[in-house]
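Quick one: structure below, then a few questions.
The values are calculated or read from the model by the stated rules, or taken from the named source; none is laboratory data. This one's a predicted model, so the numbers in the text were calculated from it and none came from an experiment. Here the Cβ positions follow ideal geometry from the backbone for every residue, glycine too, while neighbour counts run over all protein chains shown.
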């Protein structure tokens, strides 16, 4: 869609409107072009000399105003319509989502936002986060919207450049990797600074993780599978619930056994193993997973 015909049409309408208004005021007030208001004999305005001079002055003034209006209109119409057209451009880089703060930065006022919601151009995903309709719905939409809501003014591509970015972690990371659905409807994030939320569907953990412990997966910063297992053990999740996750991570090649053993080593003493013996704890987890898998068919009967 091009804005050039629209812009030219609006410029022409503005100039025509102003010209008609000036002509009416000049004729009604009897003013000479560019001069002060003075009493004029109305009959002299219809003489050939007066009419030609008036038309010439008005033509020059209108042309000057037209040029000025074009400069103003060029700036206005170059920015204002593009603000609305910039919405899908930003949303396309954010899984079809955009926040209220990002809309406000584009000049979208609350009345305009309400109209976009009414005509179903946008749909509300959660408080302050909207999806542009017309595109495919991304996977894990509630999780992505919750992550956007943590820092709604900053676009995704800038947040991913920040080493202190909020990370999808714990049960949400396990669900994102399709390892287990441990806490459906609750979104968990790890952040370097303490932050509280009243949202019942969000849990925030404090921690500054090294860059080796998280990756950008599916467009989101997520803790690695090995780090996710460590977080779940640190969250006191039962052994028989963590064990199947460990088995899936190893079987699918999401992380190496050595990396998993290194991350679970601090929890060895919780399971009556030698301090820091991550290899023994990994073996215990895999044994528990095999036992649980073998018992599953009998439980289904």
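Return the pairs, sorted by first residue and then second, in which the second residue is surrounded by fewer than 17 Cβ atoms within 10 Å (Cβ to Cβ), the first residue lies in the stretch 133-151 and is touching a residue at least 60 places away in the same chain (Cβ under 8 Å), the beta carbons are less than 7 Å apart, and the residues are 6+ apart or on different chains.
From residues that are touching a residue at least 60 places away in the same chain (Cβ under 8 Å), the pairs are 144/138.
Taking residue 170 as meeting all but one of (1) on the phi > 0 side of the Ramachandran plot; (2) in contact (Cβ under 8 Å) with a residue 12 or more places away in the chain; (3) surrounded by fewer than 17 Cβ atoms within 10 Å (Cβ to Cβ); (4) more than 19 Å from the chain's Cα centre (by Cα), write down the number of the exception.
(3)
Would you mind stating whether residue 189 is over 30 Å from residue 279 (Cβ atoms), in the same structural domain as residue 251 (by TED's automatic domain parsing) and at pLDDT 95 or above?
yes
With the structure loaded, tell me whether residue 268 is buried (at least 17 other Cβ atoms within 10 Å of the Cβ) and assigned to a helix (DSSP H, G or I) or whether it fails that test.
Yes.
Of these, 287, 224, 211, which one is exposed (fewer than 15 other Cβ atoms within 10 Å of the Cβ) and within 26 Å of residue 148 (Cβ to Cβ)?
Exactly one residue qualifies, and that residue is 211.
Now for a different question. Pick out the one residue from 148, 179 that is crowded, with 17+ Cβ neighbours inside 10 Å, touching a helix residue (DSSP H, G or I) at 6+ places or on another chain (Cβ under 9 Å), in the same structural domain as residue 105 (by TED's automatic domain parsing) and modelled with pLDDT of 95 or more.
Step by step, each of 148, 179 is checked, and only 148 is crowded, with 17+ Cβ neighbours inside 10 Å, touching a helix residue (DSSP H, G or I) at 6+ places or on another chain (Cβ under 9 Å), in the same structural domain as residue 105 (by TED's automatic domain parsing) and modelled with pLDDT of 95 or more.
Provide a single number: the residues in the stretch 146-195 that are assigned to a loop (DSSP other than H, G, I, E, B) and more than 30 Å from residue 106 (Cβ to Cβ).
Qualifying residue count, the stretch 146-195: 12.
Another question, if that's okay. Closer than 30 Å to residue 158 by Cβ and in contact with a strand residue (DSSP E or B) (Cβ under 7 Å, 6 or more places away or on another chain) - does that describe any residue in the stretch 231-243?
Yes, the stretch 231-243 contains at least one residue that is closer than 30 Å to residue 158 by Cβ and in contact with a strand residue (DSSP E or B) (Cβ under 7 Å, 6 or more places away or on another chain).
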